[in-house]
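Peer 1: Below are the structure tokens for one structure; questions will follow.
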Amino acid sequence: MDPHALPALLPALPELWLCGAALALLMIGVFGGDRSTRPLCYLAIAALLVTFVLLLLGPEGRTVTFSGMFVVDPFGVFTKGLVLIGAMLAIVLSLGYIRHEGMERFEFPVLIVLATVGMLLMISANDLIALYLGLEMQSLALYVIAAFRRDSLRSTEAGLKYFVLGALASGMLLYGASLVYGFTGTTSFEDIARAVSVPGATDALGTLVGLVFILAGLAFKVSAVPFHMWTPDVYEGAPTPVTALFAVAPKVAAIGLFLRVMLEPFAALAGDWQQVIVVISIASMVLGALAAIRQTSIKRLMAYSSIGHMGYALIGLAAGSAEGVRGVLIYLAIYVVMNVGTFAVILCMRRGQGMVEDITELAGLSRTHPMLALAMTVFMFSLAGVPPLAGFFGKLYVFMAAIHAELYGLAVVGVVASVVGAYYYVRIVKLMYFDAPTDAFERPIRGEMAAVLVATGVLTALFFVYPAPLLAGAATAAAALVP
Amino acid sequence: MIVQAIAFYAFAAVTLAAAVMVIAARNPVHSVLFLILAFFNSAGLMVLLGAEFLAMILVIVYVGAVAVLFLFVVMMLDINFAELRQGFLQYLPIGGVIGLVLLAELLLLLGSDAIGSIAPAVASSAPTPPINEVTNTAALGELLYTRYVYLFQAAGIVLLIAMVGAIVLTLRQRVGVRKQSVGKQLRRRREAAVELKKVVPRGGV
């Protein structure tokens, strides 16, 4: 092939479009000033929608471009779709907040779009360098968004903490990547897969050490125990719609990357990384369940909840089978819907001077705002995994995959942890329905909030009626990753 | 050959000496100047290796930009370096022990065969430009803008995000600043600006 030929651009069309759109939005913002923030938010949502359509129109099957560094496959399409939905909904949720809290600066939607570009590149990475660049693009934009309320001490603290620990994780990941490159002689995922699958390759301790470092870096990004320390502080300090974004889009992208890295280049070393994943998964589930019990801030509670949920999602990866990957993808899809809904409720918790975040503020919500309380109840029961709500099915599929992979211990710990975890979710329901009401929230539900709440609530509650499209989509995506 | 060896030892010795002086110098400005010396000598080493592009980049980027930035920071921030240095001796024993343990572990690891066995070589698919025919710069460009164009552009976006982020977090719109407005100055007419008063002698204004 002629090295000077233009690489095939069509497979990367969604990313190229979104990138161009982000630059165009930036220009509009620069010339329009902060007054253009609201139109920019709408434009950003439109750009993400177009990306979503382009994604669905993309090539079928597996396509590789940019000299093998960028891969498009059904797995990528599924995860990217989830990321785009998460980012879109996060912008929708932030519309009211940024106006009330004086955060209307035009860079906000632009940075979210740029972070989304990074997430898409992460999911499509087929090379260690591409992986790192996608990850950095995403992280760098998110660090800034976390500290977006630069006059608030907590927001800047969250941003700084996220940045310092994120840089440390990136360092570990890079160190691991350099070891893998040194011991296999390549950065391309396909070549690494070939290098580690030849007999005797597992003797190379260097590759394994590199793999463990990469694992640690990725575990930080999905906030799995023991690399979870940043999560509660960042979730609490960041502005609430930003926390909603953090809880969904980057998590999905990081888990997608995690699955691809473990199951494509390092598939031959499954026996080695499986043990690590099992430990991380158990630790995350247990810590997520136990540490959340004593939390009083709803945002910290959601942080521990997300740590626990990442533990459940990793069960599917530990199984390492196509069924496990399908379970993870179903889990992620349901997780995104539940979390967006819960954060929509949290964003409705406004009273007088501003946002309130203590969970006791929810007391008696059933009498002051019955519909809001009903929606929250659905999300809490679903997060706890009570049948027949969507969250139950998410857990069901990963546990089934674990049992079929003969990881009985993991499945048992998972079930026990979800029973323990149910306590703090149900406590919120109890607060809302059985405790004396506090003051009503201020004009709680705006138009777009109501739409998000209804949509996510209905999807969560009635998932069991028609689960076929999600199951089929996840199965196709999983088949692309694990033949 | 002998000239090259002499040059190598000269550059290497000066680099090491300068590096030691960076941390040993009492005056922080001297530290930065020694850092610049170390950079220049490393650039010399690069030239000896035939990596002239890296050598030039080292001088332009590190000496021209980074070291000068350090110099600005050192001069502008009021950092009490004597105070920073105070804990140094106090932590030296424990730090030294940790360093020695790390060194011993690394030596043990290198001594064992386990880490030495590299995975069987894979036929690398990366093309190599004819390094003996073209200059470094041309060879790098040949790869950077063709095979690695995706990574090059992605790195560009990362830098753009860094720039936007820095502006978001630090730029403050100051109100009430009196800026020069050239248009306004030029629009000003004599009639609006100057008022002629007839002053009667000895009458006062």
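Peer 1: Taking θ as phi - 60°, what are the ³J(HN,Hα) couplings along the stretch A:447-460 by the Karplus curve (6.51, -1.76, 1.60), each to the nearest whole Hz, with x for Gly and Pro?
Peer 2: Listing the rounded values in order: x, 6, 5, 4, 4, 4, 4, 5, 4, 5, x, 5, 4, 5 Hz.
Peer 1: Among B:VAL22, A:LEU374, A:VAL77, whose Cα sits farthest toward the positive end of the charge dipole of the protein assembly as shown (+1 at Cβ of Lys/Arg, -1 at Cβ of Asp/Glu, about the Cα centre)?
Peer 2: Among B:VAL22, A:LEU374, A:VAL77, the one farthest towards the positive end of the dipole of the protein assembly as shown is A:LEU374.
Peer 1: Report, in debye and to the nearest 20, how large the dipole of the protein assembly as shown comes out about its Cα centre when Lys and Arg carry +1 and Asp and Glu carry -1 on their Cβ. Let's see the in-between values first.
Peer 2: On the way: 41 positive and 37 negative charges, 680 e Å.
Dipole about the Cα centre, nearest 20: 3260 debye.
Peer 1: Which value in nm describes the separation of the simple spin-label points at A:ILE403 and B:GLN90, placed 7 Å from the Cα toward the beta carbon?
Peer 2: Reported label-point gap for A:ILE403 and B:GLN90 is 6.0 nm.
Peer 1: Sticking with this structure for a sec: Apply the Karplus curve 6.51 cos²θ - 1.76 cosθ + 1.60, θ = phi - 60°, to the phi angles in the stretch A:298-306 and return the couplings in whole Hz, x for Gly and Pro.
Peer 2: 5, 6, 5, 4, 5, 5, 5, 4, 5
Peer 1: Then there is this: Testing the spin-label approximation: label points 7 Å from Cα along Cα→Cβ at B:TYR9 and A:ASP151. State their distance in nm.
Peer 2: Between B:TYR9 and A:ASP151, the simple spin-label model gives 6.6 nm.
Peer 1: Identify the trypsin sites (Lys or Arg not before Pro) of the stretch B:134-205 meeting these criteria: DSSP loop state and at most 13 other C-beta atoms within 10 Å of the C-beta.
Peer 2: On the way: sites: B:ARG147, B:ARG172, B:ARG174, B:ARG178, B:LYS179, B:LYS184, B:ARG187, B:ARG188, B:ARG189, B:ARG190, B:LYS197, B:LYS198, B:ARG202; in loops: B:ARG147, B:ARG172, B:ARG174, B:ARG178, B:LYS179, B:ARG188, B:ARG189, B:LYS197, B:LYS198, B:ARG202.
When the trypsin sites (Lys or Arg not before Pro) of the stretch B:134-205 are filtered for loop state and at most 13 Cβ neighbours within 10 Å, B:ARG172, B:ARG174, B:ARG178, B:LYS179, B:ARG188, B:ARG189, B:LYS197, B:LYS198, B:ARG202 remain.
Peer 1: Whole angstrom only: what separates the Cα centroid of the stretch B:159-205 from the Cα centroid of the stretch A:4-66?
Peer 2: Cα centroid of the stretch B:159-205 versus Cα centroid of the stretch A:4-66: 42 Å apart.
Peer 1: Next question. Placing +1 on the Cβ of each Lys and Arg and -1 on the Cβ of each Asp and Glu in the stretch A:183-332, which of A:THR187, A:SER305, A:ILE315 has its Cα farthest towards the positive end of the resulting dipole?
Peer 2: After comparing all options, I get A:SER305.
Peer 1: List, in order, the whole-Hz ³J(HN,Hα) value for each residue of the stretch A:54-66 obtained from phi through the Karplus relation with A = 6.51, B = -1.76, C = 1.60 and θ = phi - 60°; use x for Gly and Pro.
Peer 2: My calculation for the stretch A:54-66 gives 4, 4, 6, 7, x, x, 7, x, 9, 10, 10, 9, 6 Hz in order.
Peer 1: Continuing with the same structure: Going by average Cβ neighbours within 10 Å, how do the peptides A:468-479, A:383-394 rank, with the highest at the top?
Peer 2: Working: A:468-479: 16.8, A:383-394: 22.2.
Going by the mean number of other Cβ atoms within 10 Å, highest first, we get A:383-394, A:468-479.
Peer 1: Moving on. Counting other C-beta atoms within 10 Å, and keeping those with at most 10, which DSSP coil trypsin sites (Lys or Arg not before Pro) do you find in the stretch A:21-126?
Peer 2: Details: sites: A:ARG35, A:ARG62, A:LYS80, A:ARG99, A:ARG105; in loops: A:ARG62, A:ARG105.
Nothing satisfies the criteria.
Peer 1: In addition: Just grab the label-to-label distance for A:VAL458 and B:MET75, each label 7 Å out from Cα along the Cβ direction, in nm (one decimal).
Peer 2: Those two pseudo-labels are separated by 6.7 nm.
Peer 1: Per DSSP H run of at least 4 residues, take -39500 (n - 2.57); add these up for the protein assembly as shown, divide by its residues and hand me the 222 nm value, nearest 500 deg cm²/dmol. Provide the component values of the computation, followed by the final result.
Peer 2: Numbers: 29 runs with 486 residues, N = 688.
So the calculated ellipticity at 222 nm is -23500 deg cm²/dmol.
Peer 1: List every residue whose amide H lies under 5 Å from the amide H of A:ARG351, counting only residues 5 or more places away in sequence or on a different chain, with H placed 1.01 Å from N in the peptide plane.
Peer 2: So A:ARG351 has HN proximity to A:VAL356, A:GLU442.
Peer 1: So, with +1 on the Cβ of K and R and -1 on the Cβ of D and E, and no other charges, what is the size of the charge dipole of the stretch A:331-439 about its Cα centre, to the nearest 20 debye? Write down the numbers at each step before the final one.
Peer 2: Values: 6 positive and 6 negative charges, 31 e Å.
Once rounded to the nearest 20, the dipole reads 140 debye.
Peer 1: Moving on. Taking amide H positions as placed 1.01 Å from N in the peptide plane, with prolines and chain starts having none, which residues 5 or more places from A:ASP127, or on another chain, fall under 5 Å of its amide H?
Peer 2: A:PHE189
Peer 1: Take the Cβ-Cβ distance between B:ASN27 and A:LEU374 as r, set R0 to 56 Å, and report the resulting FRET efficiency rounded to the nearest 0.05. Could you put the intermediate results ahead of the total?
Peer 2: Values: r = 70 Å, r/R0 = 1.24.
For B:ASN27 and A:LEU374, the calculated efficiency is 0.20.
Peer 1: Which FRET efficiency value, to the nearest 0.05, is calculated for A:HIS100 and A:GLU60 with the Förster distance at 51 angstrom and r the Cβ-Cβ distance? Working shown, then result.
Peer 2: Numbers: r = 45 Å, r/R0 = 0.88.
Efficiency computed from Cβ-Cβ geometry: 0.70.
Peer 1: Need one word for the protein assembly as shown: rounded, prolate or oblate. Basis is the Cα gyration tensor (sqrt eigenvalues a ≥ b ≥ c); a/c below 1.5 gives rounded, then a/b vs b/c decides.
Peer 2: Numbers: a/c = 1.63, a/b = 1.07, b/c = 1.52.
In terms of gyration-tensor shape, oblate.
FYI, it's all coordinate maths here, none of it is from the lab. What you see is a predicted model; the values in this text were computed from it and never measured. As a convention, Cβ positions derive from the backbone with ideal geometry for all residues, glycine included, and neighbour counts pool all protein chains shown.
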